[in-house]
Amino acid sequence: MSRCDFKIVLLGSEHVGKTSLILRYVNCRFNASAPYQTTIGAAFCSKTVHSNGKDFNVGIWDTAGSERYEAMTTMYYRGAHAAIICYDPGNNDSWMRLRYWLQELKKVEEDCKIYLCGTKKDLLDSGAVQRVVGEDIIQTYGQGLNGHFETSSKTGENVEELFQKIVDDCAADVKLMRDVEEHRLRLLKRETTTKSFGRDYCYC
Ligand SMILES: Nc1nc2c(ncn2[C@@H]2O[C@H](COP(=O)(O)OP(=O)(O)O)[C@@H](O)[C@H]2O)c(=O)[nH]1
Ligand SMILES: [Mg+2]
């Protein structure tokens, strides 16, 4: 049984910056000179986050993005409480992929909170890359979703804000919090049972 209170999954096409976003959030690090590494299948990490007077163990799933791993990715967003769908505002293909993931999520995980994330903001701000995904279309797609952020994993801009908003939204969700409490209780009971079983039946 998982010890995570909230499950967050990152979706979006390859190279859009998903792994960098997680590394920036979890390790406060960005390494532009590191050679690009495709995430194979998916990767997991966790972080303790404070919200509404409590600590939560947040599990973050990084997915591959490549269409080769599409069928596998579905496994990773099953049961997700929140999804960050990333796109690069300077790359229209990444926006088309975002639309695909949006449809999939709405079909498969109705209760999942969805956040759109435009990545690599530093490149837009410096003029190194031109914005090709119109802000009006993003706004249209963002309607009815839980939030839209533009982040830079290089400078760290809006990264903390994005994840904190997700955890705050989850912590404010009464139904979800009831599930979290029940889940914690089940875990506690199981641990207690295992411990007492060990004491009563251990012959060593
Ligand atoms: N300048 C800049 N480059 C970024 C940013 N995020 C990611 N990158 C670069 O974009 C490339 C792909 O990033 P990565 O996180 O591996 O993408 P993923 O395939 O979606 O996991 C890497 O070369 C990163 O260094 C960002 O915020 N700013
Ligand atoms: Mg990756």
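Every number in this text was worked out from the coordinates using simple rules, so none of it is lab data. These figures come from a predicted structure and were not determined experimentally. Note that each Cβ is placed from the backbone with ideal geometry, even for glycine, and that neighbours are counted across all protein chains shown.
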Legend entry - Amide proton proximity set for residue 113, modelled H, under 5 Å, gap of 5+: 82, 83
Legend entry - Quotient of Cα Rg and 2.2 N^0.38 Å for the chain, N being how many residues it contains: 1.13
Inset, instruction - Pull out the extension gain between residue 37 and residue 136, defined as 0.36 nm times the separation in residues minus the alpha carbon to alpha carbon distance; nm, one decimal. - result: 32.4 nm
Legend entry - Greater than 26 Å apart at Cα, pairs in 121/165; 54/165; 106/189; 47/121; 165/189; 154/175: 106/189; 165/189; 154/175
Inset, instruction - Please work out the FRET efficiency for the pair residue 54 and residue 175, using the Cβ-Cβ distance as r and a Förster radius of 25 Å; give the result to the nearest 0.05. - result: 0.95
Inset, instruction - Mind listing the long-range amide H neighbours of residue 46? Cut-off is under 5 Å, sequence gap 5 or more, other chains count too, H placed in the peptide plane at 1.01 Å from N. - result: 60
Legend entry - Long-range amide H partners of residue 88 with built H, under 5 Å: 94, 95, 119
Inset, instruction - Kindly provide the helix-only [θ] at 222 nm of the chain, computed as the sum of -39,500 (n - 2.57) over DSSP H runs of four or more divided by all residues, to the nearest 500 deg cm²/dmol? - result: -14000 deg cm²/dmol
Legend entry - Using θ = phi - 60° and Karplus 6.51 cos²θ - 1.76 cosθ + 1.60, couplings along region 139-155 (whole Hz; Gly, Pro as x): 4, 4, 5, x, 5, x, 8, 8, x, 9, 10, 10, 10, 10, 6, 6, 8
Inset, instruction - Go through region 6-17 residue by residue and turn each phi into a ³J(HN,Hα) via Karplus (6.51, -1.76, 1.60, θ = phi - 60°); whole Hz please, and just put x for glycine and proline. - result: 10, 10, 10, 10, 9, 10, x, 5, 4, 6, 6, x
Legend entry - the chain - charge dipole about Cα centre, Lys and Arg +1 at Cβ, Asp and Glu -1, debye rounded to 20: 700
